[in-house]
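This report refers to the structure that appears directly beneath it.
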Amino acid sequence: MTLQDKVAVITGGARGIGLAIAQRYLHEGARVVVADIDPSSIDSAVAQLTSEANGRVLGVTLDVCDRESVATMIRTVTDQCGGIDILVNNAAVFDMAPVLEVTEESYDKQFNVNVKGLFFTLQAVAQSMVDRGQGGKIINMASQAGRRGEPLVSMYCATKAAVISLTQSCGLALIKHGINVNGISPGVVDTPMWEDVDALFARYEGRPLGEKKRLVGEAVPYGRMGLPDDHTGAAVFLASSDSDYVVAQTLNVDGGNWMN
């Protein structure tokens, strides 16, 4: 019960890696806030999680691109749970296109959610942690895409590189308040989103559906694509007192795809 009685907010927590982290945090004794933009997905996730930990799950509708929505989420969690101990900045969107075909709309959407939304959610939650005076843990979900560029994924790679950089800057700035900011960098992860990613690669690389997903899985040194559950151990570590001396780092959890 590493996170006993801690209050953890997980953005994009209704599916994929976010939902897996929520499940693991409950097993570790935390109270979990599933914060997501899709109310129906929140209801489904809360129903699933409540069956495992009745009374320790709260669902909150959140648009990370809307600062008033972020403020409302913080007020709701503070009123109902007493404050926020852990923030997992997991909400993100993905798009891809050749560099000469990237649209301003795609650029804006990815940077608004993946960078602007992440930062201002971090800022607002960090301020609530400072005001409370008990420190906290903030975990930003980056990606191996932030470690290197890719010809079809220029904007997504750029957003995730920004997440890694923000993790460093915010980590150095906030540790004086007892707030640890660190990140997790997944590799290729087998979530429902990968069906859309695979379809885009099929379109732009002229591949049959399913081939890109198979190839990237085979290329992972571990021998397969990652699963959402593969990331929960790192998420527990970075949220717990075991990581108190870890500051401004982004941990690769990618089966050996990237070393730094």
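Within region 191-213, residues that are more than 21 Å from Ala92 (Cβ to Cβ) have Cβ atoms under 9 Å from residues that are part of a loop (DSSP other than H, G, I, E, B) in these pairs: Ala202/Pro208; Ala202/Leu209; Ala202/Gly210; Glu205/Leu152, counting only partners at least 6 apart in sequence or on another chain.
Filtering region 26-45 to residues that are within 20 Å of Val7 (Cβ to Cβ), touching a Leu at 6+ places or on another chain (Cβ under 8 Å), buried (at least 17 other Cβ atoms within 10 Å of the Cβ) and of a type outside the set (Lys, Arg) leaves Leu26, Glu28, Ala30, Val32, Val33, Val34, Ala35, Asp36, Ala45. A count restricted to region 107-128 and to residues that are over 19 Å from the mean Cα position of the chain (by Cα) and buried (at least 17 other Cβ atoms within 10 Å of the Cβ) stands at 1.
Cβ-Cβ distances below 9 Å connect the following pairs, each with a first residue in region 30-52 that is at negative phi, a second residue that is in a strand (DSSP E or B) and surrounded by fewer than 17 Cβ atoms within 10 Å (Cβ to Cβ), and a separation of six or more residues or different chains: Ala35/Thr61; Asp36/Thr61; Ile37/Thr61; Asp38/Thr61; Pro39/Thr61; Ile42/Thr61. Mind listing just one residue for me: the one in region 138-160 that is closer than 17 Å to Val188 by Cβ and hydrophobic (A, V, I, L, M, F, W, C) and, of those, nearest to the chain's Cα centre (by Cα)? Here the residue is Met141.
Residue by residue, here is whether (1) among the β-branched types (Val, Ile, Thr); (2) more than 15 Å from Pro228 (Cβ to Cβ) holds:
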{"site": "Met1", "(1), (2)": "no, yes"}
{"site": "Asp5", "(1), (2)": "no, yes"}
{"site": "Gln23", "(1), (2)": "no, no"}
{"site": "Leu26", "(1), (2)": "no, no"}
{"site": "Arg31", "(1), (2)": "no, yes"}
{"site": "Asp38", "(1), (2)": "no, yes"}
{"site": "Ile42", "(1), (2)": "yes, yes"}
{"site": "Thr50", "(1), (2)": "yes, yes"}
{"site": "Cys65", "(1), (2)": "no, yes"}
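Report the residue count in region 95-113 for those that are in contact with a Leu (Cβ under 9 Å, 6 or more places away or on another chain), closer than 22 Å to Val189 by Cα and among the hydrophobic types (A, V, I, L, M, F, W, C). Residues meeting the conditions: 2.
Residues that are part of a helix (DSSP H, G or I), modelled with pLDDT of 95 or more and not basic (Lys, Arg) were ranked within region 173-195; the one that is surrounded by the fewest Cβ atoms within 10 Å (Cβ to Cβ) is Ala173. Among residues belonging to region 124-149 that are assigned to a helix (DSSP H, G or I) and free of Cβ contacts under 8 Å to residues at least 12 places away in the same chain, point out the one that is farthest from Val70 (Cα to Cα). Once the filter is applied, the top-ranked residue is Asp131. Testing Tyr204 on (1) within 21 Å of Asn114 (Cβ to Cβ); (2) buried (at least 17 other Cβ atoms within 10 Å of the Cβ); (3) out of contact with any Gly (no Cβ under 9 Å at 6 or more places or on another chain), one condition comes back false. Which one is that? Only one criterion is unmet by Tyr204, namely (2).
When residues in region 178-222 are screened for being more than 18 Å from the chain's Cα centre (by Cα) and closer than 29 Å to Val246 by Cα, 4 of them pass.
Residues are listed down the side, and each one gets a yes or a no for (1) farther than 19 Å from Gly12 by Cβ; (2) in a loop (DSSP other than H, G, I, E, B); (3) in contact (Cβ under 8 Å) with a residue 40 or more places away in the chain; (4) charged (D, E, K, R):
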{"residue": "Pro151", "(1), (2), (3), (4)": "yes, yes, yes, no"}
{"residue": "Cys170", "(1), (2), (3), (4)": "no, no, yes, no"}
{"residue": "Asp230", "(1), (2), (3), (4)": "no, no, yes, yes"}
{"residue": "Asp242", "(1), (2), (3), (4)": "yes, no, yes, yes"}
{"residue": "Met259", "(1), (2), (3), (4)": "yes, yes, no, no"}
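The values are calculated or read from the model by the stated rules, or taken from the named source; none is laboratory data. Predicted, not measured: the structure shown is a model, and the values here were computed from it. For neighbour counting, all protein chains shown are included, and Cβ atoms are generated from backbone atoms with ideal geometry for every residue, glycine included.
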